[in-house]
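These notes concern the structure reproduced below.
Each reported figure results from applying straightforward, stated rules to the coordinates on display, with no laboratory input. Because the structure is a prediction, the values reported are computed rather than measured. Cβ placement follows ideal geometry from the backbone for every residue including glycine, while neighbour counts extend to all protein chains displayed.
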Amino acid sequence: MKILTLVGLFVLLTTSPVTNCIPGQFKTQPIPHYFPVPVSGSNLGFGPNFGFLALAVIIFFILLGSSSPKCPSGYTLYSTECIRFCYKVHSQVCKSWSDARADCKAQGADLLEPDECSFPIFQGLTFQNGAKCADFWLGAFRQPPSNNYTTVRGRMISDIFPFWGPGQPSRGNQECTEIANELQFRMNDDVCTELAGYFCQKFI
Ligand SMILES: [Ca+2]
């Protein structure tokens, strides 16, 4: 739609009537001159139109550059001063962490990476409306024997990460991270083969 508007603007501006291009002697439609005006007697008729053509081109590229990318179908934009991405909540079919990640990847996304910028998305989160999964996998895990949790993009998550739930991470045989309903949607580590919903994240 924006492209059609721009094309219309382009056509309108570049086909506007040509007047005598002598300053102070406009007869029908005074048009400001942004380029030198042909001298009297040699009016070639391109002075004002050429100016508007250049202006239309400039406006076109300004609007083109300011157009924002859109999220894929089914995804919602999350945009703050801190971070910008698209996400999709899967709450109807509960999967293991590996299967959940595979599904996100099949959509050209990955499990949502927990960090200080993205975690506020879970504030006030409620899944009372038909969600079949209580907890939701996140894009962070550890690979034993390492005790360190890292995100799917390789960022370390320390034990003092402020969004861990009380007493977490508890480790043991728990190697994958989730948003835990019973922890008021704070982060928990859990057994990766447990079934949970998941958040897919796609950066744009
Ligand atoms: Ca735990």
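One table, with the values for the structure above:
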{"read-out": "Sequence-distant residues sharing a close amide H with GLY139 (under 5 Å, placed H)", "value": "LEU112, GLU113"}
{"read-out": "In Hz, Karplus ³J(HN,Hα) per residue of region 82-91 (6.51, -1.76, 1.60; θ = phi - 60°; x = Gly, Pro)", "value": "9, 7, 8, 7, 10, 9, 9, 9, 10, 10"}
{"read-out": "Charge dipole magnitude, Cβ of K and R +1, D and E -1 - region 138-204, Cα centre, debye nearest 20", "value": "340"}
{"read-out": "Other-chain or far-sequence residues with amide H under 5 Å of ARG186's (modelled H)", "value": "ALA180"}
{"read-out": "Residue (of THR177, SER158, SER118) at the positive-pole extreme of region 76-202, dipole from beta-carbon charges", "value": "SER118"}
{"read-out": "Simple Cβ-charge dipole of region 76-202, Lys/Arg +1 and Asp/Glu -1, about Cα centre, in debye nearest 20", "value": "320"}
{"read-out": "Cα-based shape type of region 76-202, given that a ≥ b ≥ c are square roots of the gyration tensor eigenvalues and the cut on a/c is 1.5", "value": "rounded"}
